[in-house]
Amino acid sequence: EKYVYDFSEGHKDLKELLGGKGANLAEMTRLGLPVPAGFTVTTRACQAYLATGANPAGLAEEIDEHLAALEATMGRRLGDPDDPLLVSVRSGAAFSMPGMMETVLNVGLTDASVEGLAAQAGGDDRFAWDSYRRLIQMFGKTVCDVPGEDFSAALEEAKKAKGATDDLHLDAADLKALADRYKRIFAKHTGYDFPQDPREQMRLAMEAVFRSWNAERAVLYRRQERIPADLGTAVNVVAMVFGNLGADSGTGVAFTRDPASGAQGIYGDYLANAQGEDVVAGIRNTVPLEELERLDPRSYEELLAIMAKLEGHYRDLCDIEFTIERGKLWMLQTRVGKRTAGAAFRIAAQLVHEGMISLDEALSRVSGAQLAQLMFPRFDLSAEPAALTTGIGASPGAASGKAVFTAERAVELAAAGEDVILVRRETNPEDLAGMIAARGILTARGGKTSHAAVVARGMGRTCVCGADQLEIAADRFTVDGRTVEEGHVISVDGTSGRVYLGAVPVRPSEVVQYFEGERVESTLVEAVHTLMGHADATRRLAVRTNADTGEDAARARRFGAEGIGLCRTEHMFLGDRKELVERLILAGTETARNDALAALLPLQRADFVDLFRAMDGLPVTVRLIDPPLHEFLPSLEELAVNVAVARERGEEHSEEAQLLDAVRRMHEQNPMLGLRGVRLGLVIPGLFAMQVRAIAEAAVQLAAEGLDPRPEIMVPLVGAVQELEMVRQECEQIVAEVVAGSGVEVLIGTMIEVPRAALTAGQIAEAADFFSFGTNDLTQMGWGFSRDDVEGAFFWRYLELGIFGISPFESIDRDGVGRLIRIAAEEGRAVKPRLKLGVCGEHGGDPESVHFFHEVGLDYVSCSPFRVPVARLEAGRAAV
Ligand code: PEP
Ligand code: MG
């Protein structure tokens, strides 16, 4: 196996093997761009090293060969005392993991070669000693785990002794003394001297880069970003070029387009007489890239030409790192650049417009997650408010409100009609009520998988977490010497992670305005329009919505919904109708029951008229009632207390006592696994019949008006075909009677949401016109996770432990729950080839899950109205 590739041997499609950096350095080399010579050690070598703790056989020899070739090209030998070749040893994985892994610069410097470097630099001793002390520091820290603070403390001391504020005030002699001091620190911590053999330095640095794949922060980052743990990193060994050799040298970064807006132009920063790490460390202020035109017009022209070439070649926005060494331009890195959600859409559409890429390609370059981001309202930052602090944007949105520091206060103030932001060091399950009451959540600790982040995303609440500069006390926080007390208004941006003092005005999303049918003139909206159009033309999955009111249905239709996939009829029984349902459930006699049903029928019918009207000509799936029963009954505890108190006073009402008996009788330990769904229909006579009658009558009424209602009746929680058969028989009779002669057609189908239903789908298909997968319950019952409790209770820990990378309630668990769906789809269709298949759990609007449903061959997904555009886009992406 070949473990080492010269830059002239690789190309950009070898990312998996050479890492992103290595593959792109190779590509630029092939394009004839000025890349310093070098070679890449493959990710497979890293995998072997990590598996066995030793370099694979043959690697050392290959490296020797490539180093010899590199030395020949450069006309210098590594670490040669008179005229040293120096190299950087850089990590580079297939996925970008910014700042996660290690890099060592100036490898090859020793007590001897530092003099040679000074001679090379025209007698610049200062530069040579500065380079050497940087190597000892970086090597010590990353290769040998010497605490970085010891080096920084020594540097501070040296500056203090000199009365200097800046490293630049230290002269050659100071830096030489500092290098000696660093060597002593190194020896003290490692027990041996700083290695003086350049080859040894290189080998140790490479192995350290390999090991940095498993550094704690890298492991955590991968888990959060769902990057597989076993890929390993490549290592790039690159001849050093120096941007810190004087005024005619420097270093910079550039983008071929604006990564924030997508606009074409020249974007970037330049820092004269500096090395890349100085830019990152923010030691001195950079100047805009345009300044380079004045400083070094030749390099500037060359850079622009290279940028144009790269963009034409990659057919996408590229970002670039470059160095100028004494007027000579060198390319150190390029990659297809990260960008904001808005820029992603604009750039994709622009490149189509410019004829650079096809619409299919454009579609693959944007994502549903980006579209969802663009649909949140945002802060209007035109007044350029200064951020108080910045944390991690954990759950998108823009929220302003009064700061509160306990969940109780959040609940109290919210109940009084105030908008509040709950500020906590970190949250735990006891904060749940406060998190629900708050408009936004801000924490000082924890990352994207902390309790706060996970729960906030689950509830769609704006959240910034890990704002670690906050010092939080019982009733205030301080940051940067400023104090925010309870009641002070703050604003949190869950996308950028920024926190502002005061209320920042909120702007509605122009993308939502566009979906609502308003005219919006903007390049972003044009781009979204283009890409959505192509997604719609391409996708095979239809997209429906989950809606229970005419209003929601109408909005979803404007957003592109092609029908209703789930109307949860129990939602229609809340509010003042709850009492009617209570009467029905507790009815002691047939007359009482029939009275309650007769009162409900016209109300239900009117609901369905609204829905069918809003979805005229499109299918509307109405699910028969499916509540966990306790949702409709008075609370057992409250009732028991009332009765006991009354009894104490000798004022017992027989009605209340009877009610208590009934509620006690029906009380369930696990209501979610109790008398719900089809079970309710089979136990309470007349309930389903009333609903079916209301559906059929509403349809007949609209058909009479000349509309085209298309009802589909759906039975929930079926686990056995017998259940469905019985309900179906009853439904068919009523439907036949009501729709006779009206031309209305009614389908009858079932949800597949109990594992047993999925496993006996072949039987169930006999009695169903369609299946709709209820992935919420299927996940709940498949995993045995109570869907209402686990996210707040312990999922954050599961995520932290990496048991799953994302909640299975958020994104479909392909291996387990997904397997149930696959089995049911296959066995259902084997019995009934034209069986219509859809999904109506929350997963119907989750980008990853949409791809899965496409693969399994479903006919449609159904999701909440705001997710409809996201699902349309992802269904299109799944099909290209
Ligand atoms: C489901 O279980 O996925 C579903 C859509 O039904 P509900 O969420 O109402 O239980
Ligand atoms: Mg369900």
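Does residue 782 satisfy the criteria of being part of a helix (DSSP H, G or I), of a type in the set (Gly, Ala, Ser) and either within 16 Å of ligand 2 (Cβ to nearest atom) or assigned by TED's automatic domain parsing to the domain that holds residue 428 (or both)?
Values: part of a helix (DSSP H, G or I): yes; of a type in the set (Gly, Ala, Ser): yes; either within 16 Å of ligand 2 (Cβ to nearest atom) or assigned by TED's automatic domain parsing to the domain that holds residue 428 (or both): yes.
It is true that residue 782 is part of a helix (DSSP H, G or I), of a type in the set (Gly, Ala, Ser) and either within 16 Å of ligand 2 (Cβ to nearest atom) or assigned by TED's automatic domain parsing to the domain that holds residue 428 (or both).
Need the failing condition index for residue 31 against (1) surrounded by fewer than 19 Cβ atoms within 10 Å (Cβ to Cβ); (2) touching a residue at least 40 places away in the same chain (Cβ under 8 Å); (3) within 18 Å of residue 231 (Cα to Cα), just the number.
Condition not satisfied by residue 31: (3).
For the stretch 774-812, which positions are within 16 Å of ligand 1 (Cβ to nearest atom) and on the phi > 0 side of the Ramachandran plot?
Answer for the stretch 774-812, where residues must be within 16 Å of ligand 1 (Cβ to nearest atom) and on the phi > 0 side of the Ramachandran plot: just 784.
Only one residue in 643, 700 is at pLDDT 85 or above and farther than 24 Å from residue 565 by Cβ. Which one?
Answer to the check: 643.
Which of (1) within 12 Å of ligand 1 (Cβ to nearest atom); (2) within 23 Å of residue 688 (Cα to Cα); (3) crowded, with 24+ Cβ neighbours inside 10 Å is the odd one out, the single condition residue 844 does not satisfy?
Every listed condition holds for residue 844 apart from (2).
For residue 684, which of the numbered conditions (1) under 16 Å from residue 569 (Cβ atoms); (2) in contact with a Pro (Cβ under 7 Å, 6 or more places away or on another chain); (3) more than 16 Å from ligand 1 (Cβ to nearest atom) fails to hold?
Checking residue 684 against (1) under 16 Å from residue 569 (Cβ atoms); (2) in contact with a Pro (Cβ under 7 Å, 6 or more places away or on another chain); (3) more than 16 Å from ligand 1 (Cβ to nearest atom), the one that fails is (2).
Given the conditions (1) within 29 Å of the chain's Cα centre (by Cα); (2) at pLDDT 95 or above, which single one is not true for residue 809?
Among (1) within 29 Å of the chain's Cα centre (by Cα); (2) at pLDDT 95 or above, residue 809 violates only (2).
Hey, can you tell me all the residues within the stretch 412-437 that are under 22 Å from the mean Cα position of the chain (by Cα), of a type in the set (A, V, I, L, M) and not in a helix (DSSP H, G or I)?
none
Of all residues in the stretch 87-109, which are assigned to a loop (DSSP other than H, G, I, E, B) and either under 22 Å from the mean Cα position of the chain (by Cα) or β-branched (Val, Ile, Thr) (or both)?
To start, the set of residues in the stretch 87-109 that are assigned to a loop (DSSP other than H, G, I, E, B) comprises 94-102, 108-109.
Within the stretch 87-109, 94, 95, 96, 97, 98, 99, 100, 101 qualify.
When you scan the stretch 676-703, how many residues do you find that are in a helix (DSSP H, G or I), farther than 15 Å from residue 605 by Cα and away from ligand 2 (no atom under 16 Å from the Cβ)?
Of the residues in the stretch 676-703, 2 are in a helix (DSSP H, G or I), farther than 15 Å from residue 605 by Cα and away from ligand 2 (no atom under 16 Å from the Cβ).
Is it the case that the stretch 825-838 has a residue that's more than 18 Å from residue 565 (Cα to Cα), in contact (Cβ under 8 Å) with a residue 40 or more places away in the chain and within 16 Å of ligand 1 (Cβ to nearest atom)?
Among the residues of the stretch 825-838, not one is more than 18 Å from residue 565 (Cα to Cα), in contact (Cβ under 8 Å) with a residue 40 or more places away in the chain and within 16 Å of ligand 1 (Cβ to nearest atom), which makes the answer no.
Restricting to helices (runs of 4 or more DSSP H) lying wholly in the stretch 260-379: which have 1 or more residues that are touching an Asp or Glu at 6+ places or on another chain (Cβ under 6 Å)?
Because the criterion is at least 1 residues that are touching an Asp or Glu at 6+ places or on another chain (Cβ under 6 Å), the helices (runs of 4 or more DSSP H) in the stretch 260-379 that meet it are 297-314, 368-374.
In this structure, does residue 264 turn out to be surrounded by fewer than 18 Cβ atoms within 10 Å (Cβ to Cβ), of a type in the set (S, T, N, Q) and in contact (Cβ under 8 Å) with a residue 24 or more places away in the chain? Before you say what the answer is, go through the steps one by one.
Working: surrounded by fewer than 18 Cβ atoms within 10 Å (Cβ to Cβ): yes; of a type in the set (S, T, N, Q): yes; in contact (Cβ under 8 Å) with a residue 24 or more places away in the chain: yes.
When the stated conditions are applied, residue 264 passes them.
So, of the residues in the stretch 704-727 that are within 16 Å of ligand 1 (Cβ to nearest atom) and in a loop (DSSP other than H, G, I, E, B), which turns out to be surrounded by the fewest Cβ atoms within 10 Å (Cβ to Cβ)?
719
Farther than 14 Å from residue 386 by Cβ, in the same structural domain as residue 441 (by TED's automatic domain parsing) and modelled with pLDDT of 95 or more - does that describe any residue in the stretch 489-497?
Within the stretch 489-497, one or more residues are farther than 14 Å from residue 386 by Cβ, in the same structural domain as residue 441 (by TED's automatic domain parsing) and modelled with pLDDT of 95 or more.
The values are calculated or read from the model by the stated rules, or taken from the named source; none is laboratory data. These numbers come from a predicted model, not from an experiment. Cβ sites come from the backbone with ideal geometry, for glycine too, and all protein chains shown count toward neighbours.
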